[in-house]
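Below you'll find the structure, written out as structure tokens, and then a few comments.
The values are calculated or read from the model by the stated rules, or taken from the named source; none is laboratory data. Remember, predicted model here, so these are calculated numbers, not experimental data. Backbone-built Cβ (ideal geometry, glycine too); neighbour counts: all protein chains shown. Side chains are part of the model used for accessible areas, which takes the heavy atoms of the whole protein and leaves out ligands, DNA and RNA. Shrake-Rupley method; radii C 1.70, N 1.55, O 1.52, S 1.80 Å.
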Amino acid sequence: MVRRVAIVGAGVSGLAAIKCCREEGLEPTCFERSEDIGGLWHYTDHAEEGRASIYRTVFTNSCKEMMCYPDFPFPDDHPNYMHNTKLQEYIRKFANHFKLLQHIRFKTMVTKVKKRPDFSVTGQWDVVTEKDGKKETEVFDAVMICSGHHVYPNFPAASFPGIQKFKGCYFHSREYKEPEKFRGKKVLVIGLGNSGSDIAVELSTVASQVYLSSRSGSWVMSRVWKDGYPWDMKTVTRFQTWLGTILPRALSDWLYVRRMNWPFKHENLGLMPVDGTIRKEPVFNDDLPSRIACGVVVMKPNVKEFRETSVLFQDGTVQEDVDVVIFATGYSFCYPFMEDETIIKSRDNSNTLYKGIFPPQLEKPTLAVIGLVQSLGPIIPTSELQCRWAVKVFHGRILGRCGIKRKGETCPKEPCLLSPQRYGTSNTLQLDYITYMDELATAMGVKPSLPKLLLTDPRLALEIFFGPCTPYQFRLMGPGKWSGARRAILTQWDRILG
């Protein structure tokens, strides 16, 4: 019987894990290596080993109504998109409101998580931690890994010919904090993701020239969508998901490309994705198109070779006198504290976790990985629903089929939410947000029943289907029901406009 649960990390996922454990009557102990909560959103002036790192000007890409905890809306005075300090303020309010801090051991690093000798019977884990140079080992009935996947940089500098000869400065984007020290420099940013685009735009205000290199292009979206509404309030809807399932693939692709090319044609700015129909996560940047149009950011193809002071690109062009190269090349997920690294397989940045949460080969489903997914949806409600599902599996209230299969049995086939045709083979953590959330919610009995609501509350049913899929929907009914969910859904547009 699971009682004591170890939680690694006190970011947005770790806090959700503490709350969900308490709701199920479990005893959570959260280990946080820093002195504060917030994880990725806890800004520091210097990148710290083993912790996620953001630059000073990071804003959210999801609006406040879409990214809140489902039973704790943002205060009305918060803007639709928030600076990291504003989000950190909300995270602290959430932790204080639900009295979560008492379960956190700060400045305590988890150094090892290993199965106990009798794991096949008990499902228990030895968790080794270190604080102030002192190590301690404790036994836990279950472990929830909430340390995120933006900690260990994917830094492929060695795969770029000639990088050893380059006399300028080069580093990964996790080391970047603010632009001032690059004033007057010629800077090359490699990687057309959210970080690469943000950094290129910010540097363009102080650098003499910024070059942005992309291997395959990307869709670039504005946070502000048609009529001034947040993009996700208009596009992340059950209606849109339903349309995607019933329309012929060719028509669906045509509509997708047409929508993504609003309000500008990507190929005219050198941004067009190699395969425009792939639904990989777009870049959210309100300023990049205008920066390119003004010439202060110049789009370039992939780098072919570095020279002492110049860079040769795949199209044969050469850029002379480059001072700085920033590799905005993303991250690889890694859990060095796991004694057996094969438990959470990492192959080509993919994972083999059941429902994206449980390692299927374990004899007992007592290890959950939270937040190791990417979707066109916010991470806070995703990880919160994962935590609710995981603790119910711990309790045996939901059958974690793959996690408890007996020796010799085959694992039931997992529904494929990760379609290579739709999301591309290089985005193996990618999934459809609403489809995934509904799958977890259905297993818990918390997915809103539209047929029932059409009969009993048609106004609410129409808002749930045609309106944005806000997190409140998953606290509307069933276990964990929140009394304020209906009102929150029916007033969500008021808070956006307010």
Item to complete: Hey, can you tell me all the residues within segment 251-293 that are touching a strand residue (DSSP E or B) at 6+ places or on another chain (Cβ under 7 Å), within 18 Å of Gln209 (Cβ to Cβ) and either assigned by the TED database to the domain that holds Pro378 or charged (D, E, K, R) (or both)?
Response: Arg291
Worksheet item: Taking segment 1-57, which residues are part of a loop (DSSP other than H, G, I, E, B) and without any contact (Cβ under 8 Å) to a residue 40 or more places away in the chain?
Response: Gly25, Thr44, Glu48, Glu49, Ile54
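Could you please find all residues in segment 294-324 being exposed (fewer than 15 other Cβ atoms within 10 Å of the Cβ) and either touching a helix residue (DSSP H, G or I) at 6+ places or on another chain (Cβ under 7 Å) or closer than 13 Å to Val210 by Cα (or both)?
Once the filter is applied, which keeps residues that are exposed (fewer than 15 other Cβ atoms within 10 Å of the Cβ) and either touching a helix residue (DSSP H, G or I) at 6+ places or on another chain (Cβ under 7 Å) or closer than 13 Å to Val210 by Cα (or both), segment 294-324 yields Cys294, Gly295, Glu308, Glu320, Asp321.
Of all residues being free of Cβ contacts under 8 Å to residues at least 40 places away in the same chain and touching a Phe, Trp or Tyr at 6+ places or on another chain (Cβ under 8 Å) in segment 75-92, which is nearest to Phe337 (Cα to Cα)? Just the residue, please.
The selected residue is Tyr90.
Counting only residues that are at positive phi and under 16 Å from the mean Cα position of the chain (by Cα), how many does segment 4-25 have?
Of the residues in segment 4-25, the ones at positive phi are 9, 25.
Narrowing further to those that are under 16 Å from the mean Cα position of the chain (by Cα): 9.
Residues meeting the conditions: 1.
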Discussion item. Checking the structure you have, find out if any residue of segment 324-336 is more than 26 Å from the chain's Cα centre (by Cα) and part of a loop (DSSP other than H, G, I, E, B).
Written reply: no
Worksheet item: Can you list the helices (runs of 4 or more DSSP H) found entirely within segment 184-264 that contain at least 1 residues being surrounded by fewer than 14 Cβ atoms within 10 Å (Cβ to Cβ)?
Response: 238-246, 249-260
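When you look at Leu87, is it touching a Ser or Thr at 6+ places or on another chain (Cβ under 9 Å) and open to solvent by 20 Å² or more (accessible area, probe 1.4 Å), yes or no?
Considered against the rule, which asks whether it is touching a Ser or Thr at 6+ places or on another chain (Cβ under 9 Å) and open to solvent by 20 Å² or more (accessible area, probe 1.4 Å), Leu87 comes out as no.
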Worksheet item: Quick one: what pairs do we get from segment 361-372, first residue at pLDDT below 95, second among the polar types (S, T, N, Q), C-beta under 6 Å, 6+ apart or different chains?
Response: Glu363/Ser120; Gly371/Ser13; Gly371/Ser383; Leu372/Asn351
Worksheet entry | Tyr331 being more than 23 Å from Ala200 (Cα to Cα) and either out of contact with any strand residue (DSSP E or B) (no Cβ under 9 Å at 6 or more places or on another chain) or open to solvent by 30 Å² or more (accessible area, probe 1.4 Å) (or both) | no
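So is His78 at pLDDT 95 or above, in contact with a helix residue (DSSP H, G or I) (Cβ under 6 Å, 6 or more places away or on another chain) and assigned by the TED database to the domain that holds Ala17 or not?
no
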Worksheet entry | Number of the exception - Arg487 against (1) part of a helix (DSSP H, G or I); (2) surrounded by 14 or more Cβ atoms within 10 Å (Cβ to Cβ) | (2)
Discussion item. Looking at segment 228-238, can you tell me whether even one residue there is over 23 Å from the mean Cα position of the chain (by Cα), farther than 30 Å from Phe327 by Cβ and not hydrophobic (A, V, I, L, M, F, W, C)?
Written reply: yes
